[in-house]
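Okay, so here's the structure we're looking at.
The values are calculated or read from the model by the stated rules, or taken from the named source; none is laboratory data. This one's a predicted model, so the numbers in the text were calculated from it and none came from an experiment. Cβ coordinates were reconstructed from backbone atoms using ideal geometry, including for glycine residues, and neighbour counts include every protein chain displayed.
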Amino acid sequence: MTIPSWETLFEIAKANTNAKWMRSDGQSPATAPIPNNLSKIAPGQEVPVLLYKDTNSWCPYCERVMFALEEKEIPYQVEFIDLGSKPQWYLDLVPTGLVPAAKVKGELIYESKDILLALEDKFLPSLLPSESTLNEAAQKALADCESPGLIQAGYRFIWGRNDDGSSDTSQEELLSWQTEFEAKLEALEELLAKYPGDYFMGEFSLVDIMYAPHLNRIAANLPVYRGYQIRGNERFPNLNRWLEALEERPAYARIKSDSTTNNLVLRRIFGLQPAINQLTLATENLTTNSYEMEAAAKLSDNHQAVIGDIFQNSGLEVIISESERDLASSAVDLHLRWLAPVSHCWKQKTFSWRQSGRKR
Ligand SMILES: N[C@@H](CCC(=O)N[C@@H](CS)C(=O)NCC(=O)O)C(=O)O
C-alpha cells in the first residue's frame with residue numbers, strides 16, 4: 001500500500017470538511033479551531049467572549065460552556081490553559097485556578113454554571129423556559145445537577161474507587177455503587193418523563209447542557225470499564241431518547257468528544273484498567289460527518305508539531321541516540337500518515353488496548 005504524502009492527505013481532508021482553524025505556532029495546541037461564529041465579527045469589532053479552557057479538551061465543564069456558546073451562536077475566542085502546568089497569570093486571575101473561566105463582555109466569570117447564567121443574561125436566544133413555573137423548575141434542576149448525586153455516583157461506579165482513592169474494592173462494594181447509580185438514573189428517568197418531548201424541560205435548555213458532557217462520558221465509559229450499558233438499556237428509555245436527541249444537535253456535534261477519546265482519557269491520563277480488551281472506535285455518523293476529515297486536515301497541517309510532541313512525551317528521546325533521530329523521525333512520520341483517518345479510512349473498527357498504548 002502506498003502511504004500518501006502529508007500534502008496529499010491535507011488536500012483530500014481539506015476538501016471534505018468545512019471546519020476552519022488557525023495555526024498558533026509556539027502555543028499548545030498549535031492548531032486551534034476557530035469557533036464557528038467568529039466570522040460574524042467585523043474587522044476591528046471586539047469579540048464579546050474570551051473562554052479559558054483546557055489544552056487537551058477533555059474538561060466536561062468547558063464543554064458545557066462551548067455547547068452554550070455554539071447553541072447561542074456567540075462569537076468567542078479561546079485561550080488554552082495547560083492544566084499540568086498552569087501559568088501564574090491564570091492563577092492570579094482566577095481565584096479557583098480551575099477551568100473554565102471566561103471574560104463575558106469584559107467581566108471575568110468562573111464556574112461553568114455561572115458562566116452559562118452570564119451568557120443567558122447577556123445573549124439571546126434564551127436557553128431557559130420563559131413560563132415562570134417552568135423557569136423555576138429549570139433553576140432547581142440546574143442546582144440539583146451540581147449537588148452531589150448522579151454524576152458523582154456514575155464516576156464512582158466507573159472508577160471503582162473510594163473517595164479516599166483506595167482501589168481494593170470488593171465485589172459487594174462495586175455492586176452497591178452500581179445499585180446507587182441505577183437509583184439515580186431512575187430518578188433522572190422520572191425527571192425526563194415529567195414534560196413531553198425528549199429534553200428535561202420539554203424544550204432544549206441549560207439543564208440539558210449541564211448534564212450532557214458528564215452523562216455522555218459516563219455512557220461512553222461504563223461499557224468499557226464496567227461492562228455496563230446505558231445506551232440500549234431498556235430500563236432507561238427516556239435517557240436513551242435524550243442521548244439520541246442530543247446527537248442530532250449540530251452545536252453539540254461541533255464541540256463534543258467522541259466515545260473512544262473519552263475511553264482513552266480515563267485509561268491514559270488516569271490509568272484506569274478496562275474490563276474488556278477490545279476498544280471499539282467511535283463510528284458515530286462515520287460515513288456522513290466530516291469530523292474525521294477535520295482531524296486529518298489539522299493533523300496534516302500540524303504534523304511537525306505533533307511529531308515533536310511524540311518525541312518529547314513518548315519516551316523516544318530517551319531511548320534513541322542523536323544519530324538515530326532522523327531515522328526515528330521518518331518512522332514516526334510514516335506511521336502517523338498511515339494512521340491519519342483519510343489514509344486508513346477507519347476500515348478496521350476495533351483495536352486492542354495493547355495497540356492503544358499504556359498510561360502516559
Ligand atoms: N465546579 C467547576 C469545576 C471545574 C473543574 O473541576 N475543572 C477541572 C478540569 S475538568 C480543573 O480545572 N482542574 C484543574 C485542577 O484541579 O487544578 C465548574 O463547574 O467550572
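GLU172 - would you say it is more than 25 Å from the chain's Cα centre (by Cα) and among the acidic types (Asp, Glu)? In short, yes. The set of residues in the range 321-347 being at pLDDT 85 or above, closer than 21 Å to GLU292 by Cβ and out of contact with any helix residue (DSSP H, G or I) (no Cβ under 9 Å at 6 or more places or on another chain) consists of LEU334, HIS335.
Screening the range 255-273 for residues that are touching a Leu at 6+ places or on another chain (Cβ under 9 Å) and among the charged types (D, E, K, R) and picking the one that is farthest from CYS62 (Cα to Cα) gives ARG267. Among the residues of the range 127-141, those identified as out of contact with any helix residue (DSSP H, G or I) (no Cβ under 6 Å at 6 or more places or on another chain) and surrounded by 14 or more Cβ atoms within 10 Å (Cβ to Cβ) are LEU134, ASN135, ALA137, GLN139. Residues that are more than 13 Å from the ligand (Cβ to nearest atom), touching a strand residue (DSSP E or B) at 6+ places or on another chain (Cβ under 9 Å), closer than 20 Å to MET210 by Cα and not assigned by TED's automatic domain parsing to the domain that holds PRO237 do occur in the range 89-107, at least one of them.
Residues checked against (1) within 23 Å of CYS59 (Cβ to Cβ); (2) in a helix (DSSP H, G or I):
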{"residue": "PHE80", "(1), (2)": "yes, no"}
{"residue": "ASP114", "(1), (2)": "yes, yes"}
{"residue": "LEU127", "(1), (2)": "yes, no"}
{"residue": "GLN139", "(1), (2)": "no, yes"}
{"residue": "GLU182", "(1), (2)": "no, yes"}
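Against the conditions (1) surrounded by fewer than 17 Cβ atoms within 10 Å (Cβ to Cβ); (2) touching a Lys or Arg at 6+ places or on another chain (Cβ under 6 Å), where does PRO48 fall short? Just the number, please. PRO48 satisfies all of (1) surrounded by fewer than 17 Cβ atoms within 10 Å (Cβ to Cβ); (2) touching a Lys or Arg at 6+ places or on another chain (Cβ under 6 Å) except (1). Might you check whether a residue that is more than 22 Å from SER205 (Cα to Cα), surrounded by fewer than 21 Cβ atoms within 10 Å (Cβ to Cβ) and within 12 Å of the ligand (Cβ to nearest atom) occurs anywhere in the range 117-126? The answer is no, given that none of the residues of the range 117-126 is more than 22 Å from SER205 (Cα to Cα), surrounded by fewer than 21 Cβ atoms within 10 Å (Cβ to Cβ) and within 12 Å of the ligand (Cβ to nearest atom). Considering the range 36-72, the residues that are over 17 Å from ASN216 (Cβ atoms), in contact (Cβ under 8 Å) with a residue 40 or more places away in the chain and in a loop (DSSP other than H, G, I, E, B) include one that is farthest from the ligand (Cβ to nearest atom), namely ASN36.
Residues checked against (1) within 15 Å of the ligand (Cβ to nearest atom); (2) touching a Pro at 6+ places or on another chain (Cβ under 8 Å); (3) of a type in the set (Val, Ile, Thr):
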site: TYR110; (1), (2), (3): yes, yes, no
site: ALA138; (1), (2), (3): no, yes, no
site: GLN178; (1), (2), (3): no, no, no
site: GLU186; (1), (2), (3): no, no, no
site: GLU189; (1), (2), (3): no, yes, no
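The residues in the range 193-215 that are part of a helix (DSSP H, G or I) and buried (at least 22 other Cβ atoms within 10 Å of the Cβ) can be counted, and the count is 8. Residue under question is SER85, and the condition is that it be within 11 Å of the ligand (Cβ to nearest atom), over 23 Å from ASN263 (Cβ atoms) and either modelled with pLDDT under 95 or not assigned by TED's automatic domain parsing to the domain that holds LYS113 (or both); does it hold? Here the answer is yes, as SER85 does meet what is asked. Of all residues in the range 248-275, those satisfying the criterion of being more than 12 Å from PRO213 (Cα to Cα) and part of a helix (DSSP H, G or I) are PRO250, ALA251, ARG254, THR260, THR261, ASN263, LEU264, VAL265, LEU266, ARG267, ARG268.
Within the range 82-104, being exposed (fewer than 13 other Cβ atoms within 10 Å of the Cβ) and either touching a helix residue (DSSP H, G or I) at 6+ places or on another chain (Cβ under 8 Å) or in a loop (DSSP other than H, G, I, E, B) (or both) holds for GLY84, SER85, PRO87, PRO95, THR96.
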